[in-house]
1. Excluding residues fewer than 8 places away in the same chain, name every one of the lysines whose C-alpha is closer than 16 Å to that of LYS68.
2. Post the alpha-carbon centroid distance, the range 72-86 to the range 130-169, in whole angstrom.
3. Which ³J(HN,Hα) values in Hz, rounded to whole numbers, follow from the phi angles of the range 100-105 under the Karplus curve 6.51 cos²θ - 1.76 cosθ + 1.60, where θ = phi - 60° and Gly and Pro get x?
4. What spacing in nm lies between the two simple spin-label points modelled at LYS43 and SER111, each 7 Å away from Cα in the Cβ direction?
5. If eta is 1.002 mPa s and T is 20 °C, what Stokes-Einstein diffusion coefficient results for the chain, Kirkwood Rh from Cα pairs, in µm²/s?
6. What is the set of long-range amide H partners of ALA124 at a cut-off below 5 Å, with H atoms built 1.01 Å from backbone N?
7. What's the FRET efficiency of ALA133 with SER79 using the Cβ-Cβ distance as r and R₀ = 45 Å, to the nearest 0.05?
8. Calculate one ³J(HN,Hα) per residue across the range 3-13 by plugging θ = phi - 60° into the Karplus curve 6.51 cos²θ - 1.76 cosθ + 1.60, and present them in order as whole Hz with x for glycine and proline.
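Throughout, read-outs are computed from the coordinates displayed, never taken from laboratory work. Treat the numbers as computed from the prediction; the structure is a model and nothing was measured. We place every Cβ from the backbone using ideal geometry, glycine too, and count neighbours over all the protein chains shown.
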Amino acid sequence: MIKTAIQTFLAKFYEAVIIFLAAFLLLSLVGLGIQSWRVSALKDDYALLDSKYQTDIAKAEALTEKAKADAITKEKQWSEKLLKAEIQHREDIKQIIADSNSAKSAIDRLSKQIDTASSRMSTATRETIIEYASASGVVLEKCVNEYRAVAQRADEHAADAKRLNDAWP
């Protein structure tokens, strides 16, 4: 009886151990399946985030390249504008020099005429002297008016230059 009881006990014990191992194996397989599913989901999430990251990087690089191209274009435009301004300035300076030389020649001729007229004053008639004084007054008035106009333009130019200088970033 003890032998049968021991055999019965051992049979039930082995049966319980086998059931326990089967349950443990089943739970382990279920746990392994869940972990595999979680790892797969994490891999998918990682792949999705990585592709989004790569897309964002590509967009950022495209925007950077566009900004560089825009900056190069803007710099080229400014350079061309500066070059045109420099060329125009040189032409203006040439014209100013030519006008100045022309004015100097006219002044020299007028000086010679005045010297000639002054040297003839001692022998001139009263009417000629009056006519000369009147003509000199008219010339002097025109000179004063022209001087005033030149001074006004110079002041306006100085004000414009100051405004541009003050407005420049």
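1. LYS59, LYS76
2. The two parts, judged by their Cα centres, are 34 Å apart.
3. For the range 100-105, the Karplus curve yields 5, 5, 5, 5, 4, 5 Hz.
4. 10.0 nm
5. On the way: Rh = 28.3 Å.
Taking Rh from Cα pairs, D becomes 76 µm²/s.
6. Distant-sequence amide H within range of ALA124: zero hits.
7. Details: r = 59 Å, r/R0 = 1.31.
So the FRET efficiency works out to roughly 0.15.
8. 5, 5, 5, 5, 5, 5, 4, 5, 5, 5, 5
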